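The block underneath contains the structure these notes are about, expressed in structure tokens.
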Amino acid sequence: MIDIEKLKAYRIPDTHTTLTKRDTMLYALGAGVGQNPFAPEELKYVYEKDLVALPTMATCLATPYAWIRQAEVGFGGKSVHAGTTIRLHRPIPVEGEFYGRSEIAEILDKGPGKAVIVTVHRKVYETGSDELVYETWWTNMYRGDGGAGGESASRFPVQEIPDGAPDHAFDVRVIPQQHLIYRLSGDYNPLHADPEVAKAHGFPKPILHGLSTYAASGFAILKGLCGNDPTRLRLIGGRFTSPVYPEDVLRIKVWTGPDGLAFQTTVPARDDVVVIDNGRLEIA
């Protein structure tokens, strides 16, 4: 059981990243970019000539991976990445030095034997500069660690998905080795590579990282709604609700409503199961 008071008092250490152009290109390949390898609209993300970074790469830079394990607050070891939102303040450079400052933004205790849900707010800057590049809100669910008491309802608004058909829909194929490529951007959890580990967790085979599904969805939105201009995507967020497997075909659905742009990612061939829900977008 997580000690909520200790968790509230814990300060997540600052994080630092050195980014190279190779890292930027490798991240894009792990998002499934390059399936049309001769198309200029894809080469710009995976070839050093005129290279630009995908906005969703914000999830990988100066990230305090597994900070909860060092916090000594009673974490039981069962963690699920539940959702992520990023807000871009300027384009992400394709190389450079970055540092991140993180703080716990919200702690929810769902009760004895249930989950503790923690959202961490992170601001990332270029080293040597006070200019903010982007912010992230990263939510993890720590299963079975509840019961110490505290708030149980989130103060963060949830983006509702409108009824009816979407205004836009884009299909994206997950390449067979996408899970193996994406992990090279920093998340080496064997669940995404080792068939035996995947089976031990109840999956028939390794699953795609939620953040690779998120990146693939973001790339489809870039091409479909932003004219393939990364500077136009200002915010993208959503909740991870079901696993994605290699060779799945994703469908990214976008609605225009009174509260702005909402999106949802599904897998039509598997009963249109929702894999990213309550998605929110801001486009310039």
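The values are calculated or read from the model by the stated rules, or taken from the named source; none is laboratory data. All of these numbers come straight from a predicted model, not from anything done at the bench. So basically every Cβ, Gly included, is an ideal-geometry build from the backbone, and we count neighbours across all protein chains shown.
Below, the figures for the structure above:
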| read-out | value |
| --- | --- |
| Residue match in region 208-220 (condition: over 23 Å from residue 51 (Cβ atoms), assigned by TED's automatic domain parsing to the domain that holds residue 265 and either in a helix (DSSP H, G or I) or out of contact with any Asp or Glu (no Cβ under 9 Å at 6 or more places or on another chain) (or both)) | yes |
| The one condition in (1) within 24 Å of residue 69 (Cα to Cα); (2) among the hydroxyl-bearing types (Ser, Thr, Tyr); (3) part of a strand (DSSP E or B) that residue 125 fails to fulfil | (1) |
| Filter pass, residue 176 being exposed (fewer than 13 other Cβ atoms within 10 Å of the Cβ), in contact (Cβ under 8 Å) with a residue 40 or more places away in the chain and of a type outside the set (Gly, Ala, Ser) | yes |
| Residue check for residue 279: buried (at least 18 other Cβ atoms within 10 Å of the Cβ), of a type in the set (Gly, Ala, Ser) and touching a residue at least 40 places away in the same chain (Cβ under 8 Å) | yes |
| Filtered residues of region 54-71 (kept if of a type outside the set (Ser, Thr, Tyr), within 17 Å of residue 102 (Cα to Cα) and not in a helix (DSSP H, G or I)) | 60, 61, 62, 64, 66, 71 |
| Residue tally, condition of a type in the set (S, T, N, Q), closer than 13 Å to residue 94 by Cβ and surrounded by fewer than 18 Cβ atoms within 10 Å (Cβ to Cβ), over region 18-63 | 2 |
| Every pair of residues 6+ apart whose Cβ atoms lie under 6 Å, when the first sits in region 260-275 and is in the same structural domain as residue 210 (by TED's automatic domain parsing) while the second is loosely packed, with under 14 Cβ neighbours inside 10 Å | 266/272 |
| Qualifying residue in region 49-57 (condition: in contact (Cβ under 8 Å) with a residue 60 or more places away in the chain and either more than 24 Å from residue 84 (Cα to Cα) or of a type outside the set (A, V, I, L, M, F, W, C) (or both)) | yes |
| Of all residues making up region 128-167, the number that are hydroxyl-bearing (Ser, Thr, Tyr) and assigned to a strand (DSSP E or B) | 4 |
| Residue within region 237-244 that is surrounded by fewer than 23 Cβ atoms within 10 Å (Cβ to Cβ), over 18 Å from the mean Cα position of the chain (by Cα) and either in the same structural domain as residue 179 (by TED's automatic domain parsing) or not polar (S, T, N, Q) (or both) present | no |
